[in-house]
Every structure is written in structure tokens, then in C-alpha cells.
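A.B. asks: Please find one structure pasted underneath; my questions will follow.
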């Protein structure tokens, strides 16, 4: 039994990556007057949304952020109205069994707040760590959760959908479960990196 369970958001709690990509694409179209590929967007993923915008729209970052959040909120109901089936129940069961349930994401607090409100999960987590524009902070976020609760890494598990989630958890000697239920999951890569712990 793990005493501390830490979740990622995008692709783990909800299928929000396609939503984010679409919101970035619409923002780019309005401010740059053209189209951008998925790869042109996702190559800048890791930092928060502001960091992604520094890559794709370096001359329109603040205006782009406001526009992105508008599109993200407006598209949420049609593209991702609910978390993945069973996630709310899973978190409730983890907490019922006495474990701490936290969230560590690269998303900024504004977009995370939109998603948690849409999912009816604003009070679901005992602690939340979000990203920053300058660099990926998954390791730092997990470390802050460990420090906040005095958590032992060997009794902590991180649940995430990306190869980077595996690397971040292992850097801190935490266990890791790979969520492969999203449309964007790279199941073969996850299986190679985390055999026996892909779900």
C-alpha cells in the first residue's frame, strides 16, 4: 500500500492534451494568421503554457496566454467534459484508505483551475504543484510534495502518462505507474521503460 499517491493531469486525470493542442492552434491562427502542426506545438511542451507560447508565439506571449485560456475554457465542455472514467472514484478510494493524494502537473494554475472546475474536482487533491514558464518542473513539484508531507519515496507512487513522468519519479526514487488510457499515450515506449507497471 502506497501512503502517498501523486497524479499528473494531462492524459492521466483527463484527456486534456488534444484540448490543449487545439487551443494553442486556435491561438496561433488568430495571432499569426496561419496554421501550426501538432509537432510544432508539442515540441515546446514541458514548461507551463506560457513557456509553450514563448516557443510558438514569442512576440505575443501575454496576449497569446489570455487568448489560449479563453479557447481552453470554451472548448473544454465539448472536447473534454469529464475526467477519465473511474478517476474520481479511484481518488476517493485512495483517500478512503488513508493515503495522501496530490497532483503535480506542468500546467499553470489558471488552466489547471479550469480543468478541475469542469471536472468537479476542485477539492480532490491534498496538495497541488503547478508548472512555470522557464523550464519543466516535474521533479521539483514531486520533491515539494514529498517535503510537504514528510513522505518516504519508497512509499510514494507517481501516476503519469509520459516517459518524462517515469524519469522524474525515478530521479527521486519514487515508484511510478504509467497511465496508458489516453488517446495520446505511447504505450510501447511506456512498456519498455516501465515494464509491468503500465495500465
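A.B. asks: Out of (1) closer than 21 Å to residue 124 by Cβ; (2) part of a helix (DSSP H, G or I), the odd one out for residue 39 is which?
C.D. replies: (1)
A.B. asks: Of the residues that make up segment 163-185, is at least one in the same structural domain as residue 86 (by TED's automatic domain parsing), modelled with pLDDT under 95, surrounded by fewer than 15 Cβ atoms within 10 Å (Cβ to Cβ) and over 24 Å from residue 97 (Cα atoms)?
C.D. replies: Yes, some residue in segment 163-185 is in the same structural domain as residue 86 (by TED's automatic domain parsing), modelled with pLDDT under 95, surrounded by fewer than 15 Cβ atoms within 10 Å (Cβ to Cβ) and over 24 Å from residue 97 (Cα atoms).
A.B. asks: Across segment 56-82, what is the total count of residues that are under 19 Å from the mean Cα position of the chain (by Cα), surrounded by fewer than 18 Cβ atoms within 10 Å (Cβ to Cβ) and not in a helix (DSSP H, G or I)?
C.D. replies: 2
A.B. asks: Scan segment 139-150 for residues that are buried (at least 21 other Cβ atoms within 10 Å of the Cβ) and in contact (Cβ under 8 Å) with a residue 60 or more places away in the chain and jot them down.
C.D. replies: 142, 145
One line per residue, one yes/no per condition, for (1) farther than 13 Å from residue 8 by Cβ; (2) in a helix (DSSP H, G or I):
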residue: 140; (1), (2): yes, yes
residue: 148; (1), (2): yes, yes
residue: 154; (1), (2): yes, yes
residue: 185; (1), (2): no, no
residue: 190; (1), (2): no, yes
residue: 195; (1), (2): yes, no
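A.B. asks: Whether any residue in segment 94-108 is buried (at least 17 other Cβ atoms within 10 Å of the Cβ), over 25 Å from residue 150 (Cβ atoms) and either in the same structural domain as residue 161 (by TED's automatic domain parsing) or under 19 Å from the mean Cα position of the chain (by Cα) (or both) is what I want to check. Before you say what the answer is, go through the steps one by one.
C.D. replies: Here is the first cut: in segment 94-108, the ones buried (at least 17 other Cβ atoms within 10 Å of the Cβ) are 94, 99-108.
After this cut, where a residue has to be over 25 Å from residue 150 (Cβ atoms) as well, the list is 107-108.
In the following step, the residues that additionally are either in the same structural domain as residue 161 (by TED's automatic domain parsing) or under 19 Å from the mean Cα position of the chain (by Cα) (or both) were identified as 107-108.
Yes - at least one qualifying residue is present in segment 94-108.
The values are calculated or read from the model by the stated rules, or taken from the named source; none is laboratory data. None of these values were measured; they are calculated from a predicted model. Using ideal geometry, Cβ is built from the backbone for each residue, glycine included, and neighbour counts are taken over all protein chains shown.
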